[in-house]
Amino acid sequence: MAELGKVKARIEKLKAQINHHNYRYYVLDSPEISDAEYDELMRELKGLEEKYPQFLTSDSPTQRVGAKPVEAFGVVEHPLPLLSLGNAFSEEELIAWYNRISKLVGGQLSFVGEHKIDGLAVALTYVNRRLTIGATRGDGFHGEDITQNLRTIGSLPLSVPKEAPPRFEVRGEVFLPKVGFDKLNKERAAEGLPLFANPRNAAAGSARQLDPRVTARRPLDIYIYMLGYAEGRPTPSSHWETMEYLGSLGFKVNPNNRKLATIEQVSHFYDSWRERREDLPYEADGIVVKVDSLDLQGRLGDIGHEPRWAIAYKFPAIQGTTRLKKIEISVGRTGTLNPYAVLEPVAVGGVTIRKAALHNEDDIRRKDIREGDIVIIQRAGEVIPEIVAPVKGKRRGREKEFRLLEKIYDSKKKRPACPECGAEVVKAEGEVMYYCSNAACPAQIQERLEHFVSRGGMDIRGIGERLSAALFEQGLVRDVSDLYYLKEKDLLKLEGMAEKSVGNILGAIEKSKKTPLGRVIFALGIRHVGGEMAEILANEFSSLDELAQASAEKLIAITTVGPKIAESVTAFFKQKENRRIIKRLEKAGVRLKAEKIEAREIPLAGQEFVITGRLENFSRQQAEAQIRALGGSTKSDVTRQTDYLVVGAEPGSKLAKAKALGIKQISEEELLRLLEQKT
Ligand SMILES: [Zn+2]
């Protein structure tokens with residue numbers, strides 16, 4: 001029993017340490033330990049919890065990684081409704097609001113100004129220090145229970161200090177920072193999936209995934225902006241102090257919030273951010289102005305479904321108008337025929353826009369966009385701008401409705417034809433997209449090739465758009481497997497290729513043979529299988545072969561795989577051409593198995609490494625990853641079990657300890673040599 005007591009104490013200690021480092025990293029943005037040291041703590045905790053499941057609790061930091069998927073979200077009734085805010089679109093409207101409320105309460109009002117972040121509003125209930133329910137706003141009275149997904153957000157505390165009220169609810173905005181949004185959309189574009197129109201949709205879509213493991217991979221963040229209610233302990237009497245109080249409990253509060261003494265200061269706060277909104281790491285569509293005193297908030301109350309004591313003062317949208325010259329069609333990697341708008345160039349928010357996305361024919365029809373129209377375009381983040389709507393009042397009668405099949409009609413062949421290869425065009429039942437039916441379509445092959453070598457795929461550096469086009473045109477690469485049969489002399493024949501860059505490219509191709517299975521699956525470019533789905537499939541199947549053999553039923557049995565994906569996976573492996581390509585990849589030595597460490601691959605088995613000081617050739621994480629890939633283990637502290645201490649520049653106290661214990665020390669060069677020998 002004493003033994004169990006010790007285990008429990010160790011688990012509690014680890015949880016406290018990890019929570020502390022989470023807070024330093026996600027909330028304060030000021031970590032105290034390296035990622036590797038953090039990983040080490042997590043590994044130990046996970047190991048103990050697996051061995052002693054009786055000590056696993058819902059607030060354990062290991063539970064952030066994403067629990068099992070659910071069939072549907074449960075419904076949560078909000079004890080206190082989540083109201084929506086009234087809007088002001090001009091200074092006059094702001095002043096009118098101010099006049100209305102100051103008349104009602106009489107006397108001086110002071111405010112808090114906050115950014116209105118475009119995300120997903122949630123209510124979080126904590127009972128006895130633990131996060132128990134996280135729910136969406138829903139209709140304001142009932143929301144969806146997305147607790148499991150919200151747990152995956154690193155900046156959200158799963159438990160709070162004992163000074164916190166025994167039961168309380170905070171509200172916050174879940175959002176996707178711009179960087180994460182752009183990354184997600186780039187991945188989706190590479191996957192041929194529809195793009196998220198804006199960070200708001202992306203955040204909402206991510207937070208409402210039925211599979212929390214998908215949510216866990218999305219870089220969501222949250223700012224807490226309100227205390228809903230609190231029981232059992234007194235809380236501050238102003239909004240500003242409440243936010244400071246919530247910050248002290250470990251919640252992430254936006255550092256851009258300001259206390260504003262007068263309505264003039266509110267105007268100033270708005271003006272300064274309207275100009276700088278592009279610099280913010282998140283998308284904000286305005287500011288929220290709140291009366292600071294909670295007593296006055298209570299006296300002002302609500303009107304309809306809106307609180308009287310707060311208002312959203314919106315920024316003007318980043319929009320512009322221009323003429324849509326014509327609609328053209330490009331051929332995607334999976335053969336989709338993608339319409340896009342060619343615009344008369346126009347500057348919107350300091351960027352010149354020439355093209356805009358048009359998702360599909362149905363979408364164009366629904367928005368009634370015609371060639372020759374004056375259109376309103378809108379930019380959000382770094383993604384391709386979108387057409388919001390045509391300005392119908394400016395039509396002159398010469399605008400042309402868009403019909404994809406007419407546009408690509410080939411009068412000689414007397415049928416619609418792929419604009420790139422002339423092949424027949426097909427449309428799958430229930431889908432909105434048309435496809436080029438020719439798997440050997442040059443446009444498709446080139447797109448597939450670019451996708452195959454991309455970062456998220458085989459990550460073969462040095463083969464960009466131009467080189468892949470040249471390889472294809474010269475007939476050197478007809479499908480992706482040909483890459484592994486390229487000869488030095490073939491590449492040297494290409495224009496502008498020097499021996500050194502040829503060597504680099506061949507080296508990168510060679511290295512890519514060890515790409516992890518998930519990325520290989522992604523690189524193959526199976527329709528509807530993006531990076532996340534590819535990872536999920538790689539986790540379920542131990543090899544590409546096993547995946548290829550899987551029936552649609554078996555695939556659908558995986559919770560996150562729907563019938564559409566199952567169908568496209570089985571269809572992909574049924575195609576003779578694809579099977580041939582995979583055979584050739586295998587023959588070339590591309591690893592098509594999950595990374596199970598086999599005996600011959602673990603030359604460093606049983607050897608424990610500790611690193612101290614700064615490394616020149618790689619980051620500490622990279623070095624540790626390479627050691628582990630060869631079966632070695634890495635620790636953050638020197639103990640008697642340590643086999644090697646790798647000594648980088650400016651080593652820390654670990655060196656003295658290693659000397660005292662007589663542990664073998666090696667330099668970075670020696671480590672490199674060791675890794676090379678063993679690889
Ligand atoms: Zn084609």
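Data table
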| read-out | value |
| --- | --- |
| Among the candidates Glu553, Glu495, Glu567, residue that is out of contact with any Asp or Glu (no Cβ under 6 Å at 6 or more places or on another chain), farther than 19 Å from Ser454 by Cα and not in a helix (DSSP H, G or I) | Glu495 |
| Cβ pairs under 6 Å, 6+ apart, first in the range 135-158 and open to solvent by less than 50 Å² (accessible area, probe 1.4 Å), second of a type in the set (Ser, Thr, Tyr) and not in a strand (DSSP E or B) | Asn149/Thr215; Thr152/Thr215; Gly154/Tyr26; Ser155/Tyr26 |
| Some residue of the range 293-300 being closer than 27 Å to Phe181 by Cα and more than 16 Å from the ligand (Cβ to nearest atom) | no |
| Unmet criterion (only one of (1) touching a strand residue (DSSP E or B) at 6+ places or on another chain (Cβ under 9 Å); (2) under 30 Å from Ala16 (Cα atoms)) for Leu195 | (2) |
| Enumeration of residues in the range 382-411 that are assigned to a helix (DSSP H, G or I), within 39 Å of the chain's Cα centre (by Cα) and away from the ligand (no atom under 16 Å from the Cβ) | Lys392, Glu406 |
| Which listed residue is within 36 Å of the chain's Cα centre (by Cα) and at pLDDT below 75, from Gln626, Gln677, Gln621 | Gln621 |
| Residues located in the range 454-477, provided they are open to solvent by 60 Å² or more (accessible area, probe 1.4 Å) and within 15 Å of the ligand (Cβ to nearest atom) | none |
| Count - residues of the range 653-671 that are in contact with a strand residue (DSSP E or B) (Cβ under 9 Å, 6 or more places away or on another chain) and within 13 Å of Leu615 (Cβ to Cβ) | 5 |
| So Lys414, is it loosely packed, with under 13 Cβ neighbours inside 10 Å and more than 16 Å from the ligand (Cβ to nearest atom) | yes |
| Odd one out for Gly422, checked against (1) more than 16 Å from the ligand (Cβ to nearest atom); (2) in a loop (DSSP other than H, G, I, E, B); (3) more than 17 Å from Gly525 (Cβ to Cβ) | (1) |
| Residue list for the range 570-600, filter: among the hydroxyl-bearing types (Ser, Thr, Tyr) and closer than 18 Å to Phe452 by Cα | none |
| Qualifying residues in the range 366-379 (those that are farther than 17 Å from Gln319 by Cα and modelled with pLDDT of 90 or more) - the one surrounded by the fewest Cβ atoms within 10 Å (Cβ to Cβ) | Asp368 |
| Residue among Lys574, Lys583 that alone is open to solvent by 20 Å² or more (accessible area, probe 1.4 Å), modelled with pLDDT of 90 or more and closer than 30 Å to Asp211 by Cα | Lys574 |
| Residue selected from the range 504-550 under the condition assigned to a helix (DSSP H, G or I) and touching a Phe, Trp or Tyr at 6+ places or on another chain (Cβ under 7 Å), by the criterion nearest to Lys576 (Cα to Cα) | Ala548 |
| Test: residue in the range 434-453 that is away from the ligand (no atom under 12 Å from the Cβ), surrounded by fewer than 20 Cβ atoms within 10 Å (Cβ to Cβ) and among the aromatic types (Phe, Trp, Tyr) | no |
| Extreme residue, modelled with the highest pLDDT, among residues of the range 591-613 that are of a type in the set (D, E, K, R) and open to solvent by 50 Å² or more (accessible area, probe 1.4 Å) | Arg591 |
| Residue within the range 141-149 that is under 27 Å from Glu306 (Cβ atoms), aliphatic (A, V, I, L, M) and within 17 Å of the chain's Cα centre (by Cα) present | no |
| Sole exception among (1) in contact (Cβ under 8 Å) with a residue 60 or more places away in the chain; (2) touching a helix residue (DSSP H, G or I) at 6+ places or on another chain (Cβ under 8 Å); (3) closer than 30 Å to Glu44 by Cβ; (4) not hydrophobic (A, V, I, L, M, F, W, C) for Gly589, by number | (3) |
| Subset of the range 328-339 (residues that are surrounded by 16 or more Cβ atoms within 10 Å (Cβ to Cβ) and either hydroxyl-bearing (Ser, Thr, Tyr) or within 12 Å of the ligand (Cβ to nearest atom) (or both)) | Ile329, Val331, Gly332, Arg333, Thr334, Gly335, Thr336, Leu337 |
| Total residues in the range 503-537, condition under 20 Å from Leu210 (Cβ atoms) and modelled with pLDDT of 85 or more | 3 |
| Positions within the range 496-551 being hydrophobic (A, V, I, L, M, F, W, C) and touching a strand residue (DSSP E or B) at 6+ places or on another chain (Cβ under 8 Å), in sequence order | Leu517, Leu544 |
| Output for the range 614-657, where each listed residue is open to solvent by less than 50 Å² (accessible area, probe 1.4 Å) and touching a residue at least 40 places away in the same chain (Cβ under 8 Å) | Leu615, Ala623, Glu624, Ile627, Leu630, Thr634, Ser636, Gly652, Lys654, Leu655 |
| Cβ-Cβ under 7 Å pairs, at least 6 apart or on other chains, the range 50-79 side open to solvent by 70 Å² or more (accessible area, probe 1.4 Å), far side among the aliphatic types (A, V, I, L, M) and at pLDDT below 85 | Val65/Ala216 |
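Okay, residues lined up against (1) assigned to a loop (DSSP other than H, G, I, E, B); (2) farther than 30 Å from Trp240 by Cβ:
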| position | (1), (2) |
| --- | --- |
| Lys6 | no, yes |
| Asn22 | no, no |
| Glu32 | yes, no |
| Asp39 | no, yes |
| Met42 | no, yes |
| Gly47 | no, yes |
| Pro79 | yes, no |
| Glu114 | no, no |
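Conditions (1) in a loop (DSSP other than H, G, I, E, B); (2) under 30 Å from Val480 (Cα atoms), marked per residue:
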residue: Arg580; (1), (2): no, yes
residue: Ala605; (1), (2): yes, no
residue: Asn617; (1), (2): yes, no
residue: Gln622; (1), (2): no, yes
residue: Glu670; (1), (2): no, no
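The values are calculated or read from the model by the stated rules, or taken from the named source; none is laboratory data. Since we're looking at a predicted model, the values are computed, not measured. Cβ atoms come from the backbone with ideal geometry, glycine included; neighbour counts cover every protein chain shown. Only protein heavy atoms, including side chains, enter the accessible area calculation; ligands, DNA and RNA are left aside. Shrake-Rupley method; radii C 1.70, N 1.55, O 1.52, S 1.80 Å.
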